[in-house]
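Notes follow once the structure below has been shown.
The values are calculated or read from the model by the stated rules, or taken from the named source; none is laboratory data. If you're wondering where the values come from, they're calculated on a predicted model, not measured in any experiment. Positions of Cβ are backbone-derived with ideal geometry, glycine not excepted, and every protein chain shown enters the neighbour counts.
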Amino acid sequence: MTVVLEARDVVKRYGHVTALNGACFQAHEGEVTALIGDNGAGKSTFVKVLSGVIAADSGEIALSGAKTDLGSPQHAKRLGIETVFQDLALAPDLGPADNVFVGRELFKPGWRGRLRILDKAEMRRRALDAFVSMGTDVKDMHAPVAALSGGQKQSVAICRSVMWANKVLFLDEPTAALGVRQTRNVLRLVKHVAERGVAVILISHNMTEVLEAADRIEVLRLGQRVAQYKADQTNVEELVGAMTGALDLHEETQP
Amino acid sequence: MNVPGGTTSAADRPEPASSAAQATSDLLTEDWRRTLTRTLNVSPTYMFGVLLSVFIAFTIINPSAFTSTGNLQNITETAAPYLVMAVAVTYLMIAGGLDLSVGSVLVFANVIAAKVMGAIGGNGTFPVLVGLLAGLGVGAGWGLFNGFCVTKLRVPALITTLGTLGAVLGAADLLTAGNDIRSVPLSLINFGTGTFLGLNYIVWIAIGVTLVFGLMLHLTQFGRHTYIVGSNIEAARRAGVNVDRHLFKLYALSGAAAGLAGFLALGQFASTTISGHSTDVIIVITGVVLGGTSLFGGYGWMIGTVIGILIPTTLNIGLVIANVQPFWQQVATGLILIAAVYLDQLKRRSRERT
Amino acid sequence: MKEESRVPYLRRPGLGAVALAAIAAGGIAASSASASTHARAAGKYSVVYIPGLTGNPFYSTVACGAAVEAKKLGVSFSMQGAPTFAVNAQTPVVNAVAARHPTAIMISNDDPKAMIPPLLKAQEAGIKIINIDGDLAEKSIGITNIQSNDTLGGQEAGQEMAKLTGGRSGTVLIEDNSPGYLVSEQRRDGLIGYLKKHDPKVKILPITYTNNEVSTAASDVRAAATAHSDLIGVYTVETNNTQGALTGLQAAHLTGKVKLIGFDTSSPIVAGIRSGQVSADIVQYPYGEGMIGLQDAVMAAQGKKVPREQSQPFVVATKANINTPKVQRFIYKTSCSA
């Protein structure tokens, strides 16, 4: 498996608090990697560093083997790294298609494009295409996102990131607010994305869900990676043990 | 699949992998019917109904006076400067901003343009053009100041523009000692009173401004970003929209529009009107809100603003023609505003429930 | 938002007065609206009065005088105006009234020059224009101007002030609204000119501008009394300043010691005159301006000649004469029933 995203010895301090203390991470092409950890383990800080939202104090990030400075979320996006945040970052008054193309609007050809006139029909068509092909039930391209169900909103946010993520996709607690059926749909969507060759990183605290959806699991504790597992070679007890420190891990457990 | 965002046209873009092209096109057809239903259900449609009823009512009361050319000119000429400002304020309010200082900026630009034209002297086109640029310039300048305070100093828009509301008017008073300036070039007065196809030139300018900025709001990326900033500022930031710069532009636009209105008012009244604009902001914001633009941003239409400005203007003038006691005009306008916003709230609530 | 703070006519009413005026004007409009349809059907004359702004006792009193006269002559009469004193507020009202084509428009214009175009249009449409309390810069518009002579009023105030100070030395404070308005300038200069000539020992303090705020007028008077122990007189050129100065002097227990000469009336001012706390008050005659204006409208409609300039008298109201019928006729009305 090709390593798409790799982080080595990342340190991030907030004043006296050390959020990341030499953390490492790897995500592989076409795989779903789960990043788990207890509250305060440094998960969200790590995701922010890896998606360019905040800069690390020290450490290295490599994308497809080349050392990179992500700089900003915009730059990270240009490099093909997308993030679905927990709050989804959708504009509730705009339609699903509008949200998918936020900041990446398509323009009409010719002089109208030079005037930055939007090709709304084309954006709607492509968004609808994506929603249909990814098996979501988002159909009305004009209804404001505010009028959609929780699962549909999640689908819009994920489809948006999927449309643009060609290397890495972060999903921060994508199922936290969803019911059983909708959760299942989202996890199916996640696998679907990975099958297209994207390195998907799933942040979650739901162990069953992680074991079901992920190919690999990396455990973060006190700002460091303490374990890596293959999903089919571990179980909930082991993961919880690694997360809480109940399992004695003097050295990183390699899968 | 990722194509760096920017100016690439749709035709150049790769198609997303699709296995359901037929399903897509079916859904798009269905889309059309939804769009129609939705159009019938939004504020501008309702408000157009209100405007039409107001119009019909006054026509019945006094047909010869109300539908006379003179009266239609009176309504459009009165509404024109408000409309110019309201167009810019619509952008600002859709983006979740607010500008209470438009009336004061109008007066300031009014005074500066008059002073500049007076200093150049003469009655030709040259002083008028310089006066126009001066009015637009100082207007945009105050707008940039508002934008700076809001985006860089993080002073809330309400407070910033409340501050400039007083400060800018005070500055205009300092420049004139409170005396209106009457040295308006004849060419501008002729322009301000001239007509084309029965409508005053100033009305045509207001129509032009509304058309250009209305199309820009609904068709271009600039307009789209305005909606996103107002709907979810964080989403806009994360999507790479330069939110601060966008807001800066909108405040400058609002200031420049007030500057233009101030310049046009010189042509209309052949004099500065220092004391006449303290309630402009109320009329402008009333119009924008009547037209269905959300007070919280993210939502609004330019056509709504046009209707929203025309309703109180038509009502006020119509009530004079109907010989209703003047105080009722204020009462009626106020109540219509509240009723309109209430109706809008009802509709929004039911929309979000479905 | 102080939309009325720049009213140059120096007659901004207090809140209570606005309410009362509203009720009063309600009466006028209600009676005139019904009269209007009646008169129109009978093919009689109709007259509309457009005040400088609505809700102001002075203008409301003009309307009272006109309404009473209209009833007598069988003319339909109404008042239409904007709540702000500004040309851009008055212009659409003039245009809308002209669209209705009344026999005559009586108007207290908001600007002698900027109001020319709409009034010219109305006059060209055959409507008689009657200027009330201020002429236009262009004398060919309008058949007459009915107005008090503000310089004369100021001189009368100066005369009263000289009487009260009795040749003593001391300082006098003048309270004005805001700079730049002809009417208040004339009222001020009338007094200043008179005192300079006849009472040179009196020193006039720099003029304070109150922006038509009662509270500012009150605090400015107290500040001046503190700063100048020899303050002997206060002259206020309009209702709100007079009312505020009166309150300020009462609060500082200076009434009597510091003489107050006011301009215009309101009920607190009338009470102040009765108690002697306002030593003298210059009162215009808006009621008469309204009456004459309406009579002129009818005369002009009948093709009779009307004098182009008509000066209205002032009366100096004091404790001694306030209850006489002559002075009572001058007191501004907030209700037309009187």
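For first residues located in region A:137-153 and within 7 Å of chain B (Cβ to nearest Cβ), partners that are crowded, with 21+ Cβ neighbours inside 10 Å and assigned to a loop (DSSP other than H, G, I, E, B) and lie 6+ apart or on another chain with Cβ distances below 6 Å form the pairs A:141/A:95; A:142/A:95.
Only one entry in B:114, B:172 is within 14 Å of chain C (Cβ to nearest Cβ), under 25 Å from residue B:249 (Cα atoms) and part of a helix (DSSP H, G or I), namely B:172. Among the residues of region C:50-101, those that are within 15 Å of the chain's Cα centre (by Cα), hydroxyl-bearing (Ser, Thr, Tyr) and within 12 Å of chain B (Cβ to nearest Cβ) comprise C:54, C:59, C:60. Evaluated against (1) assigned to a helix (DSSP H, G or I); (2) modelled with pLDDT of 80 or more, residue C:28 falls short on exactly one condition, (2).
Considering region C:88-135, and only residues there that are among the charged types (D, E, K, R) and outside any loop (DSSP other than H, G, I, E, B), the residue that is farthest from residue C:308 (Cα to Cα) turns out to be C:100.
Kindly check whether there is at least one residue in region C:230-241 that is without any contact (Cβ under 8 Å) to a residue 40 or more places away in the chain and aliphatic (A, V, I, L, M). The answer is no, given that none of the residues of region C:230-241 is without any contact (Cβ under 8 Å) to a residue 40 or more places away in the chain and aliphatic (A, V, I, L, M).
If you go through region A:121-137 and keep only what is at pLDDT 85 or above and either out of contact with any Leu (no Cβ under 6 Å at 6 or more places or on another chain) or among the small types (Gly, Ala, Ser) (or both), you end up with A:121, A:124, A:125, A:126, A:127, A:129, A:130, A:131, A:132. In region C:103-122 there is no residue that is surrounded by fewer than 23 Cβ atoms within 10 Å (Cβ to Cβ) and acidic (Asp, Glu). Is there a residue in region B:96-118 that is at positive phi, surrounded by 15 or more Cβ atoms within 10 Å (Cβ to Cβ) and touching a residue at least 12 places away in the same chain (Cβ under 8 Å)? Checked region B:96-118: at least one residue is at positive phi, surrounded by 15 or more Cβ atoms within 10 Å (Cβ to Cβ) and touching a residue at least 12 places away in the same chain (Cβ under 8 Å).
A count restricted to region B:290-312 and to residues that are surrounded by 23 or more Cβ atoms within 10 Å (Cβ to Cβ) and assigned to a helix (DSSP H, G or I) stands at 11. Of all the listed residues (B:265, B:252, B:258), the sole one being within 19 Å of residue C:85 (Cα to Cα) and modelled with pLDDT of 90 or more is B:265.
Taking region A:59-94 as the range and being closer than 13 Å to residue A:170 by Cβ and hydroxyl-bearing (Ser, Thr, Tyr) as the test, only A:83 passes. Of everything in region A:154-187 that's aliphatic (A, V, I, L, M) and more than 14 Å from chain B (Cβ to nearest Cβ), which residue is surrounded by the most Cβ atoms within 10 Å (Cβ to Cβ)? Applying the filter and picking the extreme gives A:171. Of all the residues that make up region B:236-265, how many are within 13 Å of another protein chain (Cβ to nearest Cβ), within 13 Å of residue B:110 (Cβ to Cβ) and either in contact with a Ser or Thr (Cβ under 7 Å, 6 or more places away or on another chain) or not aliphatic (A, V, I, L, M) (or both)? Summing the residues that are within 13 Å of another protein chain (Cβ to nearest Cβ), within 13 Å of residue B:110 (Cβ to Cβ) and either in contact with a Ser or Thr (Cβ under 7 Å, 6 or more places away or on another chain) or not aliphatic (A, V, I, L, M) (or both) in region B:236-265 gives 2. Residue C:252 satisfies every condition listed in (1) of a type in the set (A, V, I, L, M, F, W, C); (2) modelled with pLDDT of 90 or more; (3) over 30 Å from residue C:72 (Cα atoms) except (2).
If you go through region A:169-192 one residue at a time, do you hit one that is farther than 18 Å from residue A:88 by Cβ, in contact with an Asp or Glu (Cβ under 7 Å, 6 or more places away or on another chain), outside any loop (DSSP other than H, G, I, E, B) and not aromatic (Phe, Trp, Tyr)? Within region A:169-192, none of the residues are farther than 18 Å from residue A:88 by Cβ, in contact with an Asp or Glu (Cβ under 7 Å, 6 or more places away or on another chain), outside any loop (DSSP other than H, G, I, E, B) and not aromatic (Phe, Trp, Tyr).
In region C:194-208 there is at least one residue matching the filter, namely being without any contact (Cβ under 8 Å) to a residue 24 or more places away in the chain, over 19 Å from residue C:282 (Cα atoms), of a type outside the set (Lys, Arg) and assigned to a loop (DSSP other than H, G, I, E, B). Does region B:57-79 contain any residue that is under 21 Å from residue B:253 (Cα atoms), touching a residue at least 60 places away in the same chain (Cβ under 8 Å) and assigned to a helix (DSSP H, G or I)? Checked region B:57-79: at least one residue is under 21 Å from residue B:253 (Cα atoms), touching a residue at least 60 places away in the same chain (Cβ under 8 Å) and assigned to a helix (DSSP H, G or I).
Is it the case that residue B:248 is hydrophobic (A, V, I, L, M, F, W, C) and outside any helix (DSSP H, G or I)? Here the answer is no, as residue B:248 does not meet what is asked.
A single member of A:218, A:237 is more than 28 Å from residue A:133 (Cβ to Cβ) and not in a helix (DSSP H, G or I), and it is A:218. Could you grab me the full set of residues in region A:99-114 that are in contact (Cβ under 8 Å) with a residue 12 or more places away in the chain and out of contact with any strand residue (DSSP E or B) (no Cβ under 9 Å at 6 or more places or on another chain)? Once the filter is applied, which keeps residues that are in contact (Cβ under 8 Å) with a residue 12 or more places away in the chain and out of contact with any strand residue (DSSP E or B) (no Cβ under 9 Å at 6 or more places or on another chain), region A:99-114 yields A:99, A:100, A:102, A:104. Any residue that is modelled with pLDDT of 90 or more and facing chain B (nearest Cβ under 8 Å) - is there at least one of those in region A:56-65? No, the conditions are met nowhere in region A:56-65. Using beta carbons and a limit of 7 Å, which pairs, at least six apart or on different chains, have the first residue in region B:323-335 and facing chain C (nearest Cβ under 10 Å) and the second one buried (at least 19 other Cβ atoms within 10 Å of the Cβ) and part of a loop (DSSP other than H, G, I, E, B)? Listed pairs, sorted by first residue: B:326/C:54; B:326/C:80; B:326/C:81; B:327/C:54.
Condition check for residue C:278 on (1) touching a residue at least 60 places away in the same chain (Cβ under 8 Å); (2) surrounded by 24 or more Cβ atoms within 10 Å (Cβ to Cβ); (3) more than 18 Å from the chain's Cα centre (by Cα): one failure, at (1).
One residue stands out among those in region A:82-103 that are modelled with pLDDT under 90 and more than 10 Å from chain B (Cβ to nearest Cβ): the one that is farthest from residue B:241 (Cα to Cα), which is A:86.
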